[in-house]
Amino acid sequence: MPAVEIDSVVKRYPNGTEALNGLTFNVEPGEFVYLSGPSGAGKTTLIKLLLRMEKASDGDILVFGKNLKALRRSSIPFLRRNIGVIFQDFRLLQDRNVFDNIAVGLHILGLSRREVKSRVEGVMFDLGIDRYAGAYPPMLSGGEQQRVAVGRALAMQPALILADEPTGNLDWELSSEIVRLFESLNRRGAAVLMATHDRFLIEAFPKRTLLLNKGFLIEDLKPQGAGTAGTGTTGTGTGTGTDLGESGRISADGDD
Amino acid sequence: MDGPQKPSDERPGASGEHSTQPMSPPRGLAAARKAAHLLTEGVRGLLISPGQVLACVSSLAVATCLVTLFGSFGSVAVDALERAGNRAHVIIYLKEQVPSDRVNELMKTIRGRPDVNDVRYLSAGEDRARNAALLPRDLAASLPPGEIPGQHCIEVGFGDASGGAPDVVGLTAFLKKIEDVDVVAEPPVGAARIRAAAAAVRFGRLALSLLAGLLLLSTIFFVVGTLTRTMERRRDEMNILRLIGATDAFLKAPLYIQGIAQGALGVLAGAIAGVFIVSAANSWLATELAVSIRLPTGQGLLVPLALLAGAGVGGLGAFIATSRRLP
């Protein structure tokens, strides 16, 4: 069963604008896919549809086999618990420290304090932000904040990660670091759908790329030699790739 | 797919491989943990706008205090008037030579009337003692006992067995016609008037209590305002929580907890203040006027009722606020 099935999806706004025009593609479990295209291509709209923040005007969207069109409003939260979402602007709680920002979703699941602590500490360690546990977002750099946002998604152990321009506000170094983080999550089994219009990033870390323009799927590009999903194709830009070090820590440059 | 090297001892926790479903604890346990978390969040909400929360709690307290005072002080007037009404009576002074069996017969006849509450015989000595008690102490002490008048008599108390005001005029006319009656001393104020006044006071008390209740109800809007402010301050947080899987109930629960806590605190504080004022007034009234105030409810019920009413006001406020403004 594909993680995501998009079948002839159309999104039409009341003013007549068609943000998506008959989009059709699948994302398999454990696959890493870029959603690329210029501004207004429909990337963010698609992510909104996948999160069921908006409803498709036509066509079907299935996430883990569940048709979002038929999903009741009360079931939406339970769908979202399987999806980790990361935004360009991080969307962190400014008045909560790093630990609490990462733990926020775990309280929704009703996990015990011990389990929350264990998961959050594990995630912070993996992301190399354990020393910032008590720090507040304004005290962190953009890259660190994005790591916290990734940590929040990771702690929920989602099967699908949606990232909407997660590197949009970051410089090249930090952008590479974030993509490597996603690669690590992907290697752990999560399907990743990352919206980006950064051509250089896609070239540096080649993956399957869905190229959108004006709501149409223009191309479905697969990187040379990349066969199956979830292989965690490492970036070639820096030549180092992302990996879990000996300690199990996710690091941008291979060791911490 | 390459599995990452499993972290060993160094790594705290174990997020490990991704499962296709987030791991969920047993439902009951999860609900209890969520409840504990939401309780903390609700209390946290009280600290978001402490000034506004304080204003809300104070206004609730003032309104509740007024309700308590209206209800309690109104009872003083009602009691006094009812007591006066019940004590309204006509005294029939009997001719001196009326024998006791005739007196008993007369008492039986009078008692048979539906508008008579009680009938009591007073000897000449008892009547004299009562008259002496009506005089200033100095004067009563200075007079020789024979100077204070006393005549055997029958005291007839008005009754309202039928629920209506007694027919004072009819009863007096009836008593005057009795052969052995010397004089009928009519009451200075008709019992009907006294009871009418009592009814008016009772109505006034009810009206004031309703007004106070309305005041209390209007404080719901303070609760709504405070919660709206909390929602505005936490709008981003709520939007994020929604995106990561929070249900409406999860978002609303802390607001309900906050509203109920505010309501219960305010109403309880007001009720306690009201009881304190009533108690202080009671000791003064008992000393000076020989009357006491009854609380609208027994003191034992006051705290649970106040908490219940406060929770009701807070809960209603939270319902209105979350229905209109939840992101």
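Is it the case that region A:47-55 has a residue that's within 25 Å of residue A:223 (Cβ to Cβ), away from chain B (no Cβ under 14 Å) and crowded, with 16+ Cβ neighbours inside 10 Å?
Checked against the condition, which is being within 25 Å of residue A:223 (Cβ to Cβ), away from chain B (no Cβ under 14 Å) and crowded, with 16+ Cβ neighbours inside 10 Å, region A:47-55 yields no hits at all.
Only one residue in B:265, B:243 is within 30 Å of residue A:103 (Cβ to Cβ), touching a strand residue (DSSP E or B) at 6+ places or on another chain (Cβ under 6 Å) and at pLDDT 90 or above, so which one is that? Break it down stepwise before answering.
Details: B:265 fails: touching a strand residue (DSSP E or B) at 6+ places or on another chain (Cβ under 6 Å).
Answer to the check: B:243.
Note on region A:118-132: residues that are aromatic (Phe, Trp, Tyr) and closer than 19 Å to residue A:183 by Cβ amount to 1. Would it be correct to say that residue A:188 is within 14 Å of chain B (Cβ to nearest Cβ), surrounded by 22 or more Cβ atoms within 10 Å (Cβ to Cβ), without any contact (Cβ under 8 Å) to a residue 12 or more places away in the chain and basic (Lys, Arg)? Considered against the rule, which asks whether it is within 14 Å of chain B (Cβ to nearest Cβ), surrounded by 22 or more Cβ atoms within 10 Å (Cβ to Cβ), without any contact (Cβ under 8 Å) to a residue 12 or more places away in the chain and basic (Lys, Arg), residue A:188 comes out as yes. Picking from residues in region A:131-152 that are part of a helix (DSSP H, G or I) and over 24 Å from residue B:40 (Cβ atoms), the one that is farthest from the other protein chains (Cβ to nearest Cβ) is A:143. So which residues in region A:161-206 are over 10 Å from the mean Cα position of the chain (by Cα), closer than 22 Å to residue A:2 by Cβ and acidic (Asp, Glu), if there are any at all? The answer is A:183, and nothing else.
Each residue in region B:228-248 was checked for being crowded, with 18+ Cβ neighbours inside 10 Å, in contact (Cβ under 8 Å) with a residue 40 or more places away in the chain and more than 24 Å from residue B:262 (Cα to Cα), and 1 of them qualify. The residues in region A:41-59 that are out of contact with any Ser or Thr (no Cβ under 9 Å at 6 or more places or on another chain) and outside any loop (DSSP other than H, G, I, E, B) can be counted, and the count is 7.
Filtering B:269, B:261 for residues that are assigned by TED's automatic domain parsing to the domain that holds residue B:306, closer than 23 Å to residue B:305 by Cα and within 17 Å of the chain's Cα centre (by Cα) leaves a single hit, B:269.
Name the pairs whose Cβ atoms lie under 6 Å apart, with the first residue in region A:59-78 and of a type in the set (Val, Ile, Thr), the second assigned to a loop (DSSP other than H, G, I, E, B), and 6 or more positions between them or separate chains? Partner pairs satisfying both residue conditions: A:61/A:68; A:76/A:52. Might you let me know whether region A:123-136 holds any residue that is closer than 20 Å to residue A:193 by Cα and not basic (Lys, Arg)? Scanning region A:123-136, I find at least one residue that is closer than 20 Å to residue A:193 by Cα and not basic (Lys, Arg), so the answer is yes. Looking across region A:79-118, the residues that are more than 19 Å from residue B:233 (Cβ to Cβ), at the interface with chain B (Cβ under 7 Å from one of its Cβ atoms) and basic (Lys, Arg) come down to A:80, A:81.
Set side by side, the residues A:98, A:85 differ, and just one is within 22 Å of residue A:191 (Cβ to Cβ) and among the β-branched types (Val, Ile, Thr), which is A:85.
Residues are listed down the side, and each one gets a yes or a no for (1) surrounded by 21 or more Cβ atoms within 10 Å (Cβ to Cβ); (2) part of a helix (DSSP H, G or I); (3) modelled with pLDDT under 90:
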| residue | (1), (2), (3) |
| --- | --- |
| A:93 | no, no, no |
| A:103 | yes, yes, no |
| A:111 | yes, no, yes |
| A:118 | no, yes, no |
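In region B:110-142, how many residues are free of Cβ contacts under 8 Å to residues at least 60 places away in the same chain and either acidic (Asp, Glu) or part of a helix (DSSP H, G or I) (or both)? Here the count works out to 20. Of the residues that make up region A:85-92, is at least one of a type in the set (Val, Ile, Thr) and within 30 Å of residue A:140 (Cβ to Cβ)? Yes, region A:85-92 contains at least one residue that is of a type in the set (Val, Ile, Thr) and within 30 Å of residue A:140 (Cβ to Cβ).
Just to be sure, is residue A:190 hydrophobic (A, V, I, L, M, F, W, C) and modelled with pLDDT under 85? Full working, then the answer.
On the way: hydrophobic (A, V, I, L, M, F, W, C): yes; modelled with pLDDT under 85: no.
No, not satisfied.
Looking at A:209, A:238, A:242, just one residue is crowded, with 23+ Cβ neighbours inside 10 Å and either modelled with pLDDT of 90 or more or in contact with a Ser or Thr (Cβ under 7 Å, 6 or more places away or on another chain) (or both), and that residue is A:242.
Every residue in region B:127-156 that is acidic (Asp, Glu) and either closer than 25 Å to residue B:175 by Cβ or touching a strand residue (DSSP E or B) at 6+ places or on another chain (Cβ under 7 Å) (or both), please. Steps first, answer last, please.
Start the filter on region B:127-156 by keeping residues that are acidic (Asp, Glu), which leaves B:127, B:138, B:147, B:155.
Selection gives B:127, B:155.
Residue B:48 meets the conditions (1) more than 7 Å from chain A (Cβ to nearest Cβ); (2) at pLDDT below 75; (3) in a loop (DSSP other than H, G, I, E, B) in every case but one. The failed one is (2). Within the option set A:90, A:99, A:78, A:64, being on the phi > 0 side of the Ramachandran plot, over 15 Å from the mean Cα position of the chain (by Cα) and among the hydrophobic types (A, V, I, L, M, F, W, C) holds for one residue only, A:64.
The values are calculated or read from the model by the stated rules, or taken from the named source; none is laboratory data. All of these numbers come straight from a predicted model, not from anything done at the bench. Cβ sites come from the backbone with ideal geometry, for glycine too, and all protein chains shown count toward neighbours.
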